[in-house]
Amino acid sequence: MAHWTSYLNVLPPKVILWGGTGQAKVVRPIIEFYGAKVVAVFDDTKGLPSPFPDIPIYEGQAQFLNWRAKNPGADIGFCIAIGNPHGRVRLRLHDWLEQEQGLSPITIAHQTAFIAQSATIGVGTQLMAGAIVGEEARIGRQCIVNTKASADHECVLEDGVELAPGATLCGIVHVKTNAWICAGATVLPRMSIGEDAIVGAGAVVNRSVNASIKVVGVPARPLLT
Ligand SMILES: CC(C)(COP(=O)(O)OP(=O)(O)OC[C@H]1O[C@@H](n2cnc3c(N)ncnc32)[C@H](O)[C@@H]1OP(=O)(O)O)[C@@H](O)C(=O)NCCC(=O)NCCS
């Protein structure tokens, strides 16, 4: 795989966003800082107003296909601005837009993010302001490392994972597909977080978390529903 420096913040001239709420507002300035223009927003929610007065919003795949017929060409990028727990939606849309619609996934990092040279960053991933990716960390496809979140040395984020604002992964933590580490949570060294698991805001994880389990509190324990 190519080193992330060859594609991170290397953008085509035009980019569409899929997802028209808060994450769209956060990614647009990063995309425009690196010289691309956001030309359209798509969202599956009926009647959602555009997050930007100067950019039109379109509803769902049917309107996308209409738009695409009028905007052919291979030099259009896409950014999926939908936060977790919807990492699997990001992955599905990524494959559809890239493989069936011929658009190019973009991979972006805010200019204040720190990424160790020895880390790897998967395609379609977004690193927001103040995000930190440490030595030998491996970040998958379509992950979000949100504002001031950190994945320290040798952490692994599988595809579709989100670290919410201020989440802290100590070293050698393994977060499996589509898990969501909520705002301000801390995961202690060498823990594993299972596929589709959720670690609640502010939790401190001192035992590994199984797949599809939601944990909260200090120390983090399963949320009984
Ligand atoms: C963990 C979380 C996802 C659970 O959501 P949920 O399943 O809808 O849970 P509920 O809100 O129904 O709460 C269920 C119980 O857990 C408690 N609880 C929920 N989140 C908690 C948390 N983070 N820490 C401690 N207790 C929590 C609630 O107080 C409630 O307890 P009660 O039944 O005694 O009143 C959510 O609470 C959370 O932490 N969200 C953070 C989201 C975030 O970081 N967003 C960032 C976006 S960028």
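The values are calculated or read from the model by the stated rules, or taken from the named source; none is laboratory data. Bear in mind the structure is a predicted one, so any value in this text is a computation, not a measurement. Using ideal geometry, Cβ is built from the backbone for each residue, glycine included, and neighbour counts are taken over all protein chains shown. Ligands, DNA and RNA are stripped out before the accessible areas are found, and what is left, the full protein with its side chains, is counted by its heavy atoms. Shrake-Rupley method; radii C 1.70, N 1.55, O 1.52, S 1.80 Å.
As I understand it, the dipole of the chain uses +1 on the Cβ of Lys and Arg and -1 on the Cβ of Asp and Glu, about the Cα centre. Which of GLN126, VAL218, ASN9 lies farthest toward its positive end? Of the listed residues, the answer is VAL218.
Surface analysis of the chain yields an accessible area of 44 Å² per residue, using protein heavy atoms and a 1.4 Å probe.
Set the Förster distance to 22 Å, then compute FRET efficiency between SER118 and ARG190 from the Cβ-Cβ distance, nearest 0.05.
On the way: r = 19 Å, r/R0 = 0.86.
Plugging the Cβ-Cβ distance into 1/(1 + (r/R0)^6) gives 0.70.
Think of each Lys and Arg Cβ as +1 and each Asp and Glu Cβ as -1; about the Cα centre, that makes the dipole of the chain roughly 340 debye.
Once R0 is set to 22 Å, what does the formula 1/(1 + (r/R0)^6) return for the Cβ-Cβ distance between ARG207 and ILE172, expressed as a FRET efficiency to the nearest 0.05?
My answer for the efficiency is 0.90.
Using the Cβ-Cβ distance between THR21 and ARG221 with R0 set to 41 Å, the FRET efficiency works out to roughly 0.85. Here each label is just a point 7 Å from Cα along the line to Cβ, and for LYS46 and ALA2 those points are 4.2 nm apart.
Label point of GLU100 set 7 angstrom out along Cα-Cβ; within region 68-88, amide nitrogens under 16 Å from it belong to 68-69.
Where Lys and Arg each count +1 and Asp and Glu each count -1, what net charge lies around PHE52 among other residues with Cβ under 13 Å from its Cβ?
Working: positive: LYS25, ARG28, LYS37; negative: GLU32, ASP43, ASP54.
For residues surrounding PHE52, the net value is 0.
Taking Cβ atoms as reference points and 9 Å as the exclusive limit, the residues near GLU154 contribute a net charge of -2, counting Lys and Arg as +1 and Asp and Glu as -1. Of the peptides 86-98, 23-35, 40-52, the ranking by mean beta-carbon count within 10 Å, highest at the top, reads 86-98, 23-35, 40-52. Only helices enter the 222 nm calculation for the chain: every DSSP H run of n ≥ 4 contributes -39,500 (n - 2.57), and dividing by all residues gives -4500 deg cm²/dmol, rounded to 500.
Here, the chain has an Rg and a Dmax of 17.3, 54 Å when only alpha carbons are counted.
For region 31-128, carbon and sulfur atoms together expose 54% of the accessible surface, with a 1.4 angstrom probe and every protein chain in place. Pairs exceeding 28 Å between alpha-carbon atoms, taken from LYS14/LYS214; LYS46/LYS176; LYS25/LYS46; LYS37/LYS148; LYS148/LYS176; LYS25/LYS148: LYS14/LYS214; LYS46/LYS176. Applied to region 173-185, the Karplus parametrisation 6.51 cos²θ - 1.76 cosθ + 1.60 on θ = phi - 60° returns per-residue 3J(HN,Hα) values of 8, 10, 10, 8, 3, 6, 6, 10, 9, 6, 3, x, 6 Hz, with x for Gly and Pro. For the pair VAL10 and ALA129 in one chain, pulling the backbone fully straight at 0.36 nm per residue adds 41.1 nm over the alpha carbon distance.
Carbon-plus-sulfur accessible fraction, region 170-223 (probe radius 1.4 Å, protein heavy atoms only): 58%.
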